[in-house]
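Everything on this sheet refers to the single structure shown next.
We did not get these values from a lab; they are worked out from the coordinates using the rules stated. Computed from a predicted structure; not experimentally measured. All Cβ positions, even for glycine, are placed from backbone atoms using ideal geometry, and neighbour counts span all protein chains on display.
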Amino acid sequence: MNNKLNAIIVEDELASREILAGYIKKYTTDVEVVALAENIEEGLKAVEKHNPDIVFLDIEMPYGNGFDLLEKVKEVNFETVFVTAYANYAIKALNSSASYYLLKPIDIDELEEAIKKIKANIKKGNGVSHTKVLLENIQIENKQLHKVVCPTMTGFDVVRVKDIIRCEANDNFTEFHLTNGSKMMICRSLKFYEEALSDMDFIRVHKSHLVNGQHIKKYIKGKGGQLIMSDDSTVSISPNKKEILLNYFNK
């Protein structure tokens, strides 16, 4: 019985396709590459033919990009590992949806880790497709309506940005405070979300606090000052973060 995950590689550079296929064959025992494609059109045909579990997708390609391919797929029922040569290209979007990505040149340990995470997600059967969340986010202009995939101790939860009032550091974890009054302990550092949510009205006002600017109800003056949030919680502002906050409102 074949329990391997079927994979497709969509990459416009022949050498890069062959190197990645070689790495997968040599260093993984449970992934089989069933097709190679060099452009969006070939990639789409390969997806429709093979119904893969994983698509390794180069973001930058001639005549379009990897996101264009995904938007053409009728039903995204696979996970995507994005491959890019640019460390900053779309990384915030990928991080907020907890998507998997590899930076060129590909590191074998990172390849193995991405496959390990995908296998765990499929095994848990929690219904969270990071690729679907990413696509939804790309298609929504209002970033407060974007979704964030939140890894927890038991799996993943998905929340909308607008429902996050604030994020609070808790050692190497982050506690989300939500509009329904609940809290979520997320297996990511506050620094991670500071970067991932920086384009979505979130402001780091303290070493322990990241707040959603859309949920700030009141500012109280002081050396650093304080914020009253929409849930009536109080957040202290570090003196060295005060200017960042005021600049946000001046915008």
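For TYR101, enumerate residues with amide H under 5 Å from its amide H, sequence gap 5+ or separate chain, H modeled in the peptide plane.
PHE82
Taking θ as phi - 60°, what are the ³J(HN,Hα) couplings along the stretch 204-213 by the Karplus curve (6.51, -1.76, 1.60), each to the nearest whole Hz, with x for Gly and Pro?
Result, rounded to whole Hz: 7, 9, 6, 4, 10, 9, 10, 10, 7, x.
Show the residues, 5+ positions off or on another chain, whose built amide H is closer than 5 Å to the amide H of HIS206.
The answer is SER238.
So if I place +1 on the C-beta of Lys and Arg and -1 on the C-beta of Asp and Glu, and nothing else carries charge, what would the dipole magnitude of the chain be about its Cα centre? I want it in debye, nearest 20.
1280 debye
Normalised by the number of residues in the chain, what is the relative contact order in percent for Cα pairs under 8 Å and 6+ residues apart?
It comes to 11 percent, rounded to a whole number.
Which aspartates and glutamates, on any chain, are close to LYS241 with Cα under 18 Å apart, when same-chain ones fewer than 8 places away are left out?
GLU168, GLU194, GLU195, ASP199, ASP201
Can you tell me the relative contact order of the stretch 141-250? Whole percent, Cα pairs under 8 Å, sequence separation 6 or more.
18 percent
Considering the values (1) 18.6; (2) 19.6; (3) 20.8, which represents Kirkwood radius over Cα pairs in Å as calculated for the structure under consideration?
(2)
Among ASP231, ASP12, which comes first, second and so on when ranked by fewest other beta-carbon atoms within 10 Å?
Working: ASP231 14, ASP12 17.
Ascending number of Cβ neighbours within 10 Å: ASP231, ASP12.
Angle between the Cα long axis of helix 130-139 and the longest principal axis of the chain, 0 to 90 degrees, nearest 10?
70 degrees
Spelling out what I want: for every residue of the stretch 23-39, take phi, set θ = phi - 60°, compute 6.51 cos²θ - 1.76 cosθ + 1.60 (Karplus), and round to whole Hz; glycine and proline get x.
4, 4, 5, 7, 10, 10, 9, 10, 10, 10, 7, 9, 7, 10, 9, 10, 7
If the limit is 25 Å between Cα atoms, which of LYS25/LYS116; LYS117/LYS191; LYS26/LYS191; LYS49/LYS143; LYS25/LYS147; LYS49/LYS132 go over it?
LYS26/LYS191; LYS49/LYS143; LYS25/LYS147
Could you pull out which residues in the stretch 181-217 have an amide N less than 20 Å from a spot 7 Å beyond the Cα of LEU103, following the Cα-Cβ vector?
188-199
Using just the helices of the chain, give the 222 nm mean residue ellipticity in deg cm²/dmol: DSSP H runs with n ≥ 4 each add -39,500 (n - 2.57), and the total is spread over all residues, rounded to 500. All intermediate terms of the calculation are to be shown ahead of the outcome.
Details: 8 runs with 81 residues, N = 251.
The per-residue figure over the chain is -9500 deg cm²/dmol.
Would you work out if the stretch 5-136 is rounded, prolate or oblate? Take a ≥ b ≥ c from the square roots of the eigenvalues of the alpha-carbon gyration tensor; rounded if a/c is under 1.5, else prolate when a/b is larger than b/c, oblate otherwise.
Because its axes are fairly even, with a/c under 1.5, the stretch 5-136 counts as rounded.
Using amide H atoms built 1.01 Å from N in the peptide plane, name the residues 5+ places from MET61, or on other chains, whose amide H lies under 5 Å from its own.
GLY66
I need the GluC sites (Glu not before Pro) found in the stretch 46-77, filtered to DSSP loop residues with at most 10 other beta carbons within 10 Å of theirs.
Sites meeting the loop and neighbour criteria: GLU75.
Short version: ³J(HN,Hα) in whole Hz for each residue of the stretch 102-107, in order, from phi by Karplus 6.51 cos²θ - 1.76 cosθ + 1.60 (θ = phi - 60°), x for Gly and Pro, what are they?
Computed from phi, the couplings for the stretch 102-107 are 10, 9, 7, x, 5, 8 Hz.
Could you grab the relative contact order for the stretch 5-136? Cα pairs under 8 Å, six or more apart, rounded to a whole percent.
Over the stretch 5-136, the number comes to 22 percent.
How far, in degrees from 0 to 90, does helix 40-50 lean away from the longest principal axis of the Cα atoms of the chain, to the nearest 10?
70 degrees
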